[in-house]
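I have placed the structure first, in the form of structure tokens, so that the comments after it can refer back to it.
Any read-out appearing in this document is the output of simple, stated calculations on the displayed coordinates, not a laboratory observation. All of these numbers come straight from a predicted model, not from anything done at the bench. Counting neighbours? That spans all protein chains shown, and the Cβs are built from the backbone with ideal geometry, glycine included.
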Amino acid sequence: MNIKVATAQKQIKIGRDVITIDGVKGDALLFRVMINKTFKGYIQKRDGEYYRIDGSDIHNLIFARICQAMETHVS
């Protein structure tokens with residue numbers, strides 16, 4: 001079983017939700033997103049913008065707030 005180990009964890013509080021964002025080891029532009037300790041999917045930074053990876057279950061409004069926070073907290 002091959003498991004990707006996360007690096008550089010960030011937590012963001014949006015309303016009552018706690019969003020945990022982990023960098024994925026081996027890909028500096030891929031991030032694992034958990035909302036209230038439930039895995040919701042991956043986001044990726046491409047050409048200076050963030051995108052949800054197909055199959056991600058991240059609500060549009062939460063995704064927009066994550067993108068704002070990422071620009072502030074993640075280089």
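Think of each Lys and Arg Cβ as +1 and each Asp and Glu Cβ as -1; about the Cα centre, that makes the dipole of the chain roughly 260 debye. Here the Karplus relation 6.51 cos²θ - 1.76 cosθ + 1.60, evaluated at θ = phi - 60°, turns the backbone of the range 29-36 into coupling constants of 10, 10, 10, 8, 10, 10, 10, 6 Hz, with x for every Gly and Pro. Residues whose amide H falls under 5 Å from that of residue 41, counting only those 5 or more places apart or on a different chain, are 33, 57, with hydrogens built in the peptide plane. Residue separation of residue 25 and residue 11 scaled by 0.36 nm, minus their Cα-Cα distance, works out to 3.3 nm of gained length.
Which net charge results for the neighbourhood of residue 61, defined as the other residues with beta-carbon distances under 14 angstrom from its beta-carbon, given Lys and Arg at +1 and Asp and Glu at -1? Walk me through the numbers on the way to the answer.
On the way: positive: 16, 40, 52, 65; negative: 17, 57.
My count for the surroundings of residue 61 gives +2.
Which whole-number percent of Cα pairs in the chain have a distance greater than 18 Å? Display every interim value, and only then the final one.
Details: 867 of 2775 pairs.
Tail fraction, whole percent: 31.
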